[in-house]
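**Student:** Would you mind keeping the following structure in view while I ask a few things?
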Amino acid sequence: MKRVGVIGGGQLAWMMAGAAKKLGVELVVQTPSPNDPAVPISAKDNVFAAIDDANATAELANRSDVITFENEFVDIEALSKLASQGVCFRPRLEALTPLLDKYHQRCYLRDLGLPVPRFVAIEQDWKTTAEVIFANLIGFPAVLKARRHGYDGQGTFIIREIESLKQKLEVSCTKGVGSQSNSFLLEEFIPFERELAVIAARSVSGDVCTFPVVETQQEEQVCRRVIAPACVSSQVAVEIEKIASTLLNSLEAVGVFGIELFLTAEGKVLVNEIAPRTHNSGHFSIDACETSQFEQHLRAVCGLQLGNTAMICPSAVMVNLLGYEISQSDYTIKRQQLEQIPQAHVHWYGKTESRPGRKLGHVTVLLDTQSQDQAIAISLRLDALRIAQNIESIWYPHKTC
(Lines give C-alpha, C1' and ligand atoms only; values in the text may rest on other atoms or scores of the structure.)
Protein backbone atom coordinates (compact mmCIF):
# COMPACT_ATOMS: atom_id res chain seq x y z
CA MET A 1 0.00 0.00 0.00
CA LYS A 2 1.26 3.44 -0.92
CA ARG A 3 0.95 6.16 1.73
CA VAL A 4 0.15 9.66 0.53
CA GLY A 5 0.76 12.55 2.91
CA VAL A 6 -1.69 15.42 2.44
CA ILE A 7 -0.89 18.91 3.72
CA GLY A 8 -4.35 20.02 4.82
CA GLY A 9 -7.23 18.14 6.38
CA GLY A 10 -10.31 19.92 5.06
CA GLN A 11 -13.05 18.73 2.75
CA LEU A 12 -10.77 18.37 -0.27
CA ALA A 13 -8.65 15.81 1.60
CA TRP A 14 -11.84 14.23 2.96
CA MET A 15 -13.15 13.71 -0.57
CA MET A 16 -10.02 11.75 -1.48
CA ALA A 17 -11.10 8.95 0.86
CA GLY A 18 -13.25 6.94 -1.53
CA ALA A 19 -10.65 7.17 -4.28
CA ALA A 20 -7.87 6.19 -1.88
CA LYS A 21 -9.76 3.07 -0.83
CA LYS A 22 -10.43 2.14 -4.46
CA LEU A 23 -6.74 2.51 -5.36
CA GLY A 24 -5.40 0.81 -2.23
CA VAL A 25 -3.83 4.06 -1.02
CA GLU A 26 -3.61 5.19 2.60
CA LEU A 27 -3.87 8.89 3.45
CA VAL A 28 -1.98 10.67 6.23
CA VAL A 29 -2.85 14.31 6.83
CA GLN A 30 -1.11 17.30 8.36
CA THR A 31 -3.84 19.48 9.80
CA PRO A 32 -4.30 21.76 12.83
CA SER A 33 -7.26 20.08 14.53
CA PRO A 34 -8.37 16.49 15.21
CA ASN A 35 -11.88 17.75 14.34
CA ASP A 36 -10.99 18.59 10.74
CA PRO A 37 -13.03 16.67 8.11
CA ALA A 38 -10.26 14.41 6.76
CA VAL A 39 -9.07 13.12 10.14
CA PRO A 40 -11.66 10.31 10.53
CA ILE A 41 -11.00 8.88 7.06
CA SER A 42 -7.19 8.97 7.19
CA ALA A 43 -4.53 7.00 9.03
CA LYS A 44 -4.26 7.00 12.81
CA ASP A 45 -0.80 8.59 12.75
CA ASN A 46 -1.82 11.97 11.36
CA VAL A 47 0.29 15.03 12.15
CA PHE A 48 -1.59 17.72 14.05
CA ALA A 49 0.10 21.03 13.30
CA ALA A 50 -0.33 24.23 11.29
CA ILE A 51 -0.35 23.84 7.52
CA ASP A 52 2.79 25.96 7.12
CA ASP A 53 4.76 24.16 9.86
CA ALA A 54 7.70 22.70 7.92
CA ASN A 55 8.94 20.71 10.93
CA ALA A 56 5.58 18.98 11.03
CA THR A 57 5.83 18.33 7.29
CA ALA A 58 9.19 16.65 7.91
CA GLU A 59 7.38 14.29 10.28
CA LEU A 60 4.64 13.79 7.68
CA ALA A 61 7.36 12.81 5.21
CA ASN A 62 8.57 10.13 7.62
CA ARG A 63 5.09 8.63 7.62
CA SER A 64 4.37 8.73 3.88
CA ASP A 65 5.84 7.90 0.47
CA VAL A 66 4.84 11.09 -1.31
CA ILE A 67 3.38 14.42 -0.15
CA THR A 68 0.66 16.40 -1.90
CA PHE A 69 -1.39 19.49 -1.07
CA GLU A 70 -4.99 20.22 -0.19
CA ASN A 71 -4.33 23.96 -0.18
CA GLU A 72 -1.59 26.38 -1.16
CA PHE A 73 -1.01 28.15 2.18
CA VAL A 74 2.45 26.67 2.60
CA ASP A 75 5.97 27.94 3.19
CA ILE A 76 7.77 27.07 -0.03
CA GLU A 77 11.18 28.19 1.19
CA ALA A 78 10.99 25.96 4.28
CA LEU A 79 9.67 23.01 2.27
CA SER A 80 12.48 23.41 -0.25
CA LYS A 81 14.93 22.28 2.43
CA LEU A 82 12.97 19.04 2.75
CA ALA A 83 12.87 18.60 -1.03
CA SER A 84 16.66 18.96 -1.15
CA GLN A 85 16.82 16.12 1.36
CA GLY A 86 14.85 13.82 -0.92
CA VAL A 87 11.25 14.39 0.19
CA CYS A 88 8.95 13.83 -2.80
CA PHE A 89 6.35 16.57 -3.30
CA ARG A 90 3.75 16.23 -6.05
CA PRO A 91 3.18 18.66 -7.57
CA ARG A 92 6.81 19.66 -7.21
CA LEU A 93 7.53 22.86 -5.34
CA GLU A 94 8.86 24.53 -8.50
CA ALA A 95 5.39 24.12 -10.01
CA LEU A 96 3.79 25.88 -7.06
CA THR A 97 6.28 28.74 -6.76
CA PRO A 98 5.02 30.96 -9.62
CA LEU A 99 1.38 30.46 -8.66
CA LEU A 100 1.07 31.23 -4.95
CA ASP A 101 1.38 34.99 -5.34
CA LYS A 102 -1.42 36.19 -7.63
CA TYR A 103 0.75 38.86 -9.24
CA HIS A 104 3.52 36.36 -9.97
CA GLN A 105 0.87 34.00 -11.29
CA ARG A 106 -0.43 36.64 -13.68
CA CYS A 107 3.10 37.37 -14.89
CA TYR A 108 3.77 33.66 -15.45
CA LEU A 109 0.59 33.20 -17.48
CA ARG A 110 1.29 36.33 -19.52
CA ASP A 111 4.85 35.22 -20.25
CA LEU A 112 3.50 31.85 -21.44
CA GLY A 113 1.40 33.74 -23.95
CA LEU A 114 -1.87 32.80 -22.27
CA PRO A 115 -4.70 35.37 -22.36
CA VAL A 116 -5.17 37.26 -19.07
CA PRO A 117 -6.81 40.56 -18.03
CA ARG A 118 -4.60 43.66 -17.94
CA PHE A 119 -2.98 43.94 -14.53
CA VAL A 120 -0.48 45.81 -12.40
CA ALA A 121 0.99 45.46 -8.91
CA ILE A 122 0.49 47.95 -6.10
CA GLU A 123 3.37 47.83 -3.66
CA GLN A 124 3.95 49.49 -0.31
CA ASP A 125 4.14 52.97 -1.85
CA TRP A 126 0.60 52.69 -3.18
CA LYS A 127 -0.40 56.10 -1.78
CA THR A 128 1.71 57.84 -4.39
CA THR A 129 1.23 55.42 -7.29
CA ALA A 130 -2.33 54.07 -7.14
CA GLU A 131 -4.08 56.95 -8.87
CA VAL A 132 -1.55 57.14 -11.69
CA ILE A 133 -1.57 53.39 -12.24
CA PHE A 134 -5.33 53.14 -12.42
CA ALA A 135 -5.83 56.22 -14.53
CA ASN A 136 -3.16 55.28 -17.07
CA LEU A 137 -3.21 51.48 -17.17
CA ILE A 138 -6.41 49.99 -15.84
CA GLY A 139 -9.28 52.42 -15.37
CA PHE A 140 -12.54 51.70 -13.59
CA PRO A 141 -14.23 49.52 -12.64
CA ALA A 142 -11.28 47.40 -11.52
CA VAL A 143 -10.58 44.41 -9.31
CA LEU A 144 -8.30 44.58 -6.27
CA LYS A 145 -6.91 41.28 -4.99
CA ALA A 146 -4.67 40.36 -2.09
CA ARG A 147 -1.65 38.69 -3.65
CA ARG A 148 -1.51 35.91 -1.05
CA HIS A 149 -3.93 33.85 1.01
CA GLY A 150 -7.14 34.95 -0.65
CA TYR A 151 -9.86 32.37 -1.30
CA ASP A 152 -13.66 32.17 -1.55
CA GLY A 153 -13.81 35.90 -2.20
CA GLN A 154 -11.63 36.89 0.74
CA GLY A 155 -9.23 39.66 -0.21
CA THR A 156 -11.04 40.42 -3.50
CA PHE A 157 -12.86 43.71 -4.07
CA ILE A 158 -14.64 45.39 -6.98
CA ILE A 159 -13.48 49.03 -7.14
CA ARG A 160 -15.47 51.64 -9.06
CA GLU A 161 -13.62 54.90 -8.46
CA ILE A 162 -10.30 56.18 -7.10
CA GLU A 163 -11.49 57.26 -3.65
CA SER A 164 -12.95 53.80 -3.00
CA LEU A 165 -9.63 52.30 -4.04
CA LYS A 166 -7.67 54.47 -1.66
CA GLN A 167 -10.05 53.72 1.19
CA LYS A 168 -9.96 49.97 0.59
CA LEU A 169 -6.17 49.91 0.44
CA GLU A 170 -5.93 51.92 3.63
CA VAL A 171 -8.33 49.62 5.49
CA SER A 172 -6.79 46.45 4.07
CA CYS A 173 -3.27 47.48 5.00
CA THR A 174 -4.42 48.41 8.51
CA LYS A 175 -6.04 45.00 8.96
CA GLY A 176 -3.09 43.18 7.40
CA VAL A 177 -4.98 41.91 4.35
CA GLY A 178 -2.71 41.15 1.41
CA SER A 179 0.76 39.68 1.32
CA GLN A 180 3.38 40.17 3.98
CA SER A 181 4.48 43.38 2.27
CA ASN A 182 0.85 44.60 1.97
CA SER A 183 1.04 44.21 -1.80
CA PHE A 184 -1.96 43.84 -4.08
CA LEU A 185 -2.82 42.78 -7.59
CA LEU A 186 -4.93 45.26 -9.53
CA GLU A 187 -6.58 44.21 -12.75
CA GLU A 188 -9.21 45.29 -15.20
CA PHE A 189 -12.77 44.26 -14.55
CA ILE A 190 -13.91 41.81 -17.23
CA PRO A 191 -17.61 42.15 -18.20
CA PHE A 192 -17.80 38.42 -18.85
CA GLU A 193 -20.74 36.56 -20.32
CA ARG A 194 -19.93 33.48 -18.24
CA GLU A 195 -17.35 32.16 -15.86
CA LEU A 196 -15.88 28.81 -16.84
CA ALA A 197 -13.50 26.32 -15.28
CA VAL A 198 -11.65 23.16 -16.18
CA ILE A 199 -9.94 20.51 -14.09
CA ALA A 200 -6.75 19.22 -15.68
CA ALA A 201 -4.29 16.57 -14.57
CA ARG A 202 -0.74 15.72 -15.57
CA SER A 203 0.92 12.39 -14.85
CA VAL A 204 4.49 11.59 -13.89
CA SER A 205 5.12 10.56 -17.49
CA GLY A 206 3.80 13.90 -18.80
CA ASP A 207 0.37 12.86 -20.04
CA VAL A 208 -2.23 15.64 -19.69
CA CYS A 209 -5.93 14.91 -19.36
CA THR A 210 -8.81 17.36 -18.88
CA PHE A 211 -12.32 16.99 -17.52
CA PRO A 212 -15.27 18.58 -19.35
CA VAL A 213 -15.28 22.36 -19.27
CA VAL A 214 -17.91 23.61 -16.80
CA GLU A 215 -19.79 26.83 -16.13
CA THR A 216 -19.39 28.23 -12.63
CA GLN A 217 -21.68 30.79 -11.03
CA GLN A 218 -20.39 32.98 -8.21
CA GLU A 219 -22.08 35.16 -5.64
CA GLU A 220 -19.90 37.55 -3.66
CA GLN A 221 -16.87 35.86 -5.23
CA VAL A 222 -17.88 32.46 -3.80
CA CYS A 223 -18.81 29.57 -6.10
CA ARG A 224 -22.50 28.71 -5.70
CA ARG A 225 -23.23 26.46 -8.69
CA VAL A 226 -21.44 24.42 -11.35
CA ILE A 227 -23.08 23.21 -14.58
CA ALA A 228 -21.35 20.37 -16.41
CA PRO A 229 -20.64 20.47 -19.24
CA ALA A 230 -20.69 24.19 -20.01
CA CYS A 231 -22.87 25.32 -22.89
CA VAL A 232 -19.98 26.60 -25.03
CA SER A 233 -18.83 26.01 -28.57
CA SER A 234 -16.40 23.22 -29.39
CA GLN A 235 -13.87 25.89 -30.37
CA VAL A 236 -13.99 27.44 -26.90
CA ALA A 237 -13.67 24.02 -25.26
CA VAL A 238 -10.64 23.14 -27.40
CA GLU A 239 -9.01 26.50 -26.65
CA ILE A 240 -9.43 25.91 -22.91
CA GLU A 241 -7.98 22.41 -23.18
CA LYS A 242 -4.96 23.86 -24.98
CA ILE A 243 -4.52 26.47 -22.23
CA ALA A 244 -4.56 23.70 -19.63
CA SER A 245 -2.00 21.59 -21.49
CA THR A 246 0.30 24.56 -22.07
CA LEU A 247 0.22 25.51 -18.40
CA LEU A 248 0.70 22.05 -16.88
CA ASN A 249 3.45 21.10 -19.32
CA SER A 250 5.28 24.37 -18.72
CA LEU A 251 5.16 23.80 -14.96
CA GLU A 252 6.04 20.11 -15.36
CA ALA A 253 3.30 19.63 -12.80
CA VAL A 254 2.11 16.31 -11.44
CA GLY A 255 -1.42 16.15 -10.10
CA VAL A 256 -4.72 17.94 -10.59
CA PHE A 257 -5.02 21.71 -11.14
CA GLY A 258 -8.16 23.84 -11.28
CA ILE A 259 -8.23 26.60 -13.89
CA GLU A 260 -10.84 29.37 -13.71
CA LEU A 261 -11.62 31.43 -16.81
CA PHE A 262 -13.78 34.23 -18.19
CA LEU A 263 -15.73 34.02 -21.44
CA THR A 264 -16.65 37.40 -22.94
CA ALA A 265 -19.67 38.17 -25.09
CA GLU A 266 -17.31 38.27 -28.08
CA GLY A 267 -16.21 34.67 -27.40
CA LYS A 268 -12.82 35.61 -25.99
CA VAL A 269 -11.36 33.38 -23.27
CA LEU A 270 -9.25 34.87 -20.46
CA VAL A 271 -7.58 33.00 -17.61
CA ASN A 272 -8.74 34.22 -14.22
CA GLU A 273 -6.95 32.13 -11.57
CA ILE A 274 -5.10 28.84 -11.13
CA ALA A 275 -5.52 26.53 -8.13
CA PRO A 276 -2.66 23.99 -7.90
CA ARG A 277 -4.88 21.31 -6.34
CA THR A 278 -8.31 19.71 -6.59
CA HIS A 279 -10.96 22.39 -6.90
CA ASN A 280 -14.59 23.17 -6.08
CA SER A 281 -15.44 23.36 -9.78
CA GLY A 282 -14.57 19.66 -10.12
CA HIS A 283 -16.75 18.25 -7.33
CA PHE A 284 -19.38 17.18 -9.87
CA SER A 285 -16.91 14.55 -11.10
CA ILE A 286 -17.38 12.40 -7.98
CA ASP A 287 -20.84 11.35 -9.17
CA ALA A 288 -20.89 12.37 -12.83
CA CYS A 289 -17.58 11.10 -14.28
CA GLU A 290 -15.88 7.76 -14.81
CA THR A 291 -12.97 9.05 -12.71
CA SER A 292 -13.37 11.74 -10.07
CA GLN A 293 -10.90 14.60 -9.79
CA PHE A 294 -9.81 13.12 -6.44
CA GLU A 295 -9.04 9.71 -7.89
CA GLN A 296 -7.28 11.40 -10.79
CA HIS A 297 -5.12 13.39 -8.38
CA LEU A 298 -4.13 10.28 -6.42
CA ARG A 299 -3.44 8.40 -9.65
CA ALA A 300 -1.11 11.17 -10.77
CA VAL A 301 0.81 11.62 -7.52
CA CYS A 302 1.15 7.85 -7.07
CA GLY A 303 2.61 7.43 -10.56
CA LEU A 304 -0.40 5.54 -11.94
CA GLN A 305 -2.00 5.90 -15.35
CA LEU A 306 -4.58 8.67 -15.53
CA GLY A 307 -8.24 7.62 -15.58
CA ASN A 308 -11.05 8.25 -18.05
CA THR A 309 -12.61 11.67 -17.43
CA ALA A 310 -15.76 11.12 -19.51
CA MET A 311 -19.12 11.87 -17.91
CA ILE A 312 -21.38 8.90 -17.14
CA CYS A 313 -24.47 11.06 -17.62
CA PRO A 314 -25.31 13.68 -20.24
CA SER A 315 -25.07 16.59 -17.81
CA ALA A 316 -25.04 17.51 -14.12
CA VAL A 317 -25.43 20.46 -11.77
CA MET A 318 -23.52 20.90 -8.51
CA VAL A 319 -24.66 23.31 -5.79
CA ASN A 320 -22.54 24.29 -2.79
CA LEU A 321 -24.22 24.21 0.61
CA LEU A 322 -22.90 27.33 2.31
CA GLY A 323 -23.37 28.36 5.91
CA TYR A 324 -25.80 31.22 6.45
CA GLU A 325 -25.79 31.47 10.27
CA ILE A 326 -23.71 30.76 13.34
CA SER A 327 -24.85 27.30 14.39
CA GLN A 328 -23.81 23.87 15.61
CA SER A 329 -26.57 22.17 13.59
CA ASP A 330 -25.90 19.33 11.16
CA TYR A 331 -29.10 20.27 9.24
CA THR A 332 -30.33 16.68 9.14
CA ILE A 333 -33.87 17.53 8.05
CA LYS A 334 -32.72 19.75 5.19
CA ARG A 335 -30.26 17.11 4.01
CA GLN A 336 -33.01 14.50 4.03
CA GLN A 337 -35.14 16.81 1.88
CA LEU A 338 -32.28 17.28 -0.57
CA GLU A 339 -31.78 13.53 -0.83
CA GLN A 340 -35.38 13.20 -2.08
CA ILE A 341 -34.54 15.12 -5.26
CA PRO A 342 -34.30 12.57 -8.11
CA GLN A 343 -30.70 11.56 -8.89
CA ALA A 344 -29.36 13.85 -6.17
CA HIS A 345 -26.12 12.99 -4.37
CA VAL A 346 -25.61 14.86 -1.09
CA HIS A 347 -22.06 15.22 0.24
CA TRP A 348 -21.82 16.50 3.81
CA TYR A 349 -18.33 17.42 5.03
CA GLY A 350 -18.94 16.67 8.69
CA LYS A 351 -17.95 20.11 9.93
CA THR A 352 -19.06 20.77 13.49
CA GLU A 353 -19.69 24.49 13.13
CA SER A 354 -21.62 26.55 10.62
CA ARG A 355 -20.93 30.21 9.88
CA PRO A 356 -21.93 32.48 7.00
CA GLY A 357 -20.13 31.56 3.78
CA ARG A 358 -18.49 28.40 5.10
CA LYS A 359 -18.65 25.43 2.74
CA LEU A 360 -20.51 22.69 4.62
CA GLY A 361 -21.29 20.33 1.77
CA HIS A 362 -22.52 20.09 -1.78
CA VAL A 363 -25.25 18.44 -3.82
CA THR A 364 -24.79 17.04 -7.32
CA VAL A 365 -27.83 16.18 -9.44
CA LEU A 366 -27.37 14.01 -12.54
CA LEU A 367 -29.44 14.97 -15.58
CA ASP A 368 -30.58 12.54 -18.25
CA THR A 369 -30.92 14.70 -21.33
CA GLN A 370 -28.46 16.29 -23.69
CA SER A 371 -28.32 17.76 -27.18
CA GLN A 372 -25.73 19.13 -29.52
CA ASP A 373 -28.37 21.58 -30.78
CA GLN A 374 -27.54 25.01 -29.37
CA ALA A 375 -31.15 26.03 -28.67
CA ILE A 376 -31.89 22.80 -26.81
CA ALA A 377 -28.59 23.05 -24.94
CA ILE A 378 -29.61 26.49 -23.68
CA SER A 379 -32.92 25.02 -22.52
CA LEU A 380 -31.07 22.26 -20.66
CA ARG A 381 -28.93 24.89 -18.96
CA LEU A 382 -32.12 26.56 -17.75
CA ASP A 383 -33.31 23.18 -16.44
CA ALA A 384 -30.06 22.86 -14.47
CA LEU A 385 -30.57 26.33 -13.02
CA ARG A 386 -34.13 25.46 -11.99
CA ILE A 387 -32.82 22.43 -10.13
CA ALA A 388 -30.22 24.62 -8.46
CA GLN A 389 -32.98 27.00 -7.41
CA ASN A 390 -34.92 24.11 -5.92
CA ILE A 391 -31.88 23.00 -3.91
CA GLU A 392 -31.25 26.53 -2.66
CA SER A 393 -34.92 27.06 -1.74
CA ILE A 394 -34.63 24.02 0.54
CA TRP A 395 -31.27 24.97 1.97
CA TYR A 396 -31.46 28.72 2.51
CA PRO A 397 -34.19 30.10 4.77
CA HIS A 398 -36.76 32.41 3.12
CA LYS A 399 -34.64 32.84 0.03
CA THR A 400 -34.33 31.44 -3.47
CA CYS A 401 -31.51 32.34 -5.82
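The values are calculated or read from the model by the stated rules, or taken from the named source; none is laboratory data. None of the values given here were measured: they were computed from a predicted structure. Cβ sites come from the backbone with ideal geometry, for glycine too, and all protein chains shown count toward neighbours. Calculation scope for accessible area: heavy atoms of the full protein, side chains included, ligands and nucleic acids excluded. Shrake-Rupley method; radii C 1.70, N 1.55, O 1.52, S 1.80 Å.
**Student:** Which members of region 13-45 meet the condition of being more than 16 Å from residue 301 (Cβ to Cβ) and touching a Ser or Thr at 6+ places or on another chain (Cβ under 7 Å)?
**Tutor:** The answer is 35, 39.
**Student:** List the residue pairs whose Cβ atoms are under 7 Å apart, where the first residue sits in region 47-58 and is closer than 14 Å to residue 77 by Cβ, the second is surrounded by fewer than 18 Cβ atoms within 10 Å (Cβ to Cβ), and the two are 6 or more positions apart or on different chains.
**Tutor:** Hits for this filter: 52/73; 52/75; 54/75; 54/78.
**Student:** Kindly indicate the residue of region 366-401 that is at pLDDT below 90 and among the basic types (Lys, Arg) and also least open to solvent (accessible area, probe 1.4 Å) among those meeting that condition.
**Tutor:** Here the answer is 381.
**Student:** Within region 338-353, track down each residue that is in a strand (DSSP E or B) and free of Cβ contacts under 8 Å to residues at least 60 places away in the same chain.
**Tutor:** 344, 345, 346, 348
**Student:** Output the residues belonging to region 291-304 that are touching a Lys or Arg at 6+ places or on another chain (Cβ under 7 Å) and surrounded by fewer than 24 Cβ atoms within 10 Å (Cβ to Cβ).
**Tutor:** If the condition is that a residue be touching a Lys or Arg at 6+ places or on another chain (Cβ under 7 Å) and surrounded by fewer than 24 Cβ atoms within 10 Å (Cβ to Cβ), then 302 is the only one that fits.
Yes/no matrix, rows are residues, columns are (1) under 16 Å from the mean Cα position of the chain (by Cα); (2) modelled with pLDDT under 85; (3) open to solvent by less than 20 Å² (accessible area, probe 1.4 Å):
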position	(1), (2), (3)
130	no, yes, yes
136	no, yes, no
159	no, no, yes
189	no, no, no
202	no, no, no
207	no, no, no
212	yes, no, no
219	yes, no, no
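**Student:** Hey, another quick one. For region 239-272, name all the residues that are among the charged types (D, E, K, R) and in contact with a Leu (Cβ under 9 Å, 6 or more places away or on another chain).
**Tutor:** The answer is 260, and nothing else.
**Student:** Further question on the same structure: Which residues, taken from region 68-84, are in contact (Cβ under 8 Å) with a residue 12 or more places away in the chain and not hydrophobic (A, V, I, L, M, F, W, C)?
**Tutor:** 68, 70, 71, 72, 75, 80, 81
**Student:** Restricting to region 316-337, name every residue that is part of a strand (DSSP E or B) and either within 16 Å of residue 390 (Cβ to Cβ) or not hydroxyl-bearing (Ser, Thr, Tyr) (or both).
**Tutor:** Residues satisfying the conditions are 316, 317, 318, 319, 320, 321, 322.
**Student:** Whether any residue in region 36-54 is under 18 Å from the mean Cα position of the chain (by Cα) and open to solvent by less than 20 Å² (accessible area, probe 1.4 Å) is what I want to check.
**Tutor:** yes
**Student:** Quick one: in region 88-103, of everything that is modelled with pLDDT of 95 or more and in contact with a Ser or Thr (Cβ under 8 Å, 6 or more places away or on another chain), which residue is farthest from residue 252 (Cα to Cα)?
**Tutor:** 89
**Student:** Return the residue satisfying two criteria in turn: it lies in region 68-122 and is touching a strand residue (DSSP E or B) at 6+ places or on another chain (Cβ under 6 Å), open to solvent by 50 Å² or more (accessible area, probe 1.4 Å) and in a loop (DSSP other than H, G, I, E, B), and of such residues it is nearest to residue 9 (Cα to Cα).
**Tutor:** Ranking the qualifying residues of region 68-122, first place goes to 90.
**Student:** When you look at residue 173, is it modelled with pLDDT under 95, under 30 Å from residue 298 (Cβ atoms), open to solvent by less than 40 Å² (accessible area, probe 1.4 Å) and of a type in the set (A, V, I, L, M, F, W, C), yes or no?
**Tutor:** Against the criterion (modelled with pLDDT under 95, under 30 Å from residue 298 (Cβ atoms), open to solvent by less than 40 Å² (accessible area, probe 1.4 Å) and of a type in the set (A, V, I, L, M, F, W, C)), residue 173 does not qualify.
**Student:** Considering each residue of region 190-204, count those that are within 28 Å of residue 157 (Cα to Cα) and part of a loop (DSSP other than H, G, I, E, B), and give that number.
**Tutor:** 4
**Student:** Specify which of the listed residues (316, 288, 275, 310) is out of contact with any Lys or Arg (no Cβ under 9 Å at 6 or more places or on another chain) and open to solvent by 20 Å² or more (accessible area, probe 1.4 Å).
**Tutor:** 310
**Student:** Quick check: anything in region 241-261 of a type outside the set (S, T, N, Q) and modelled with pLDDT under 95?
**Tutor:** Looking for residues that are of a type outside the set (S, T, N, Q) and modelled with pLDDT under 95, one finds none in region 241-261, hence no.
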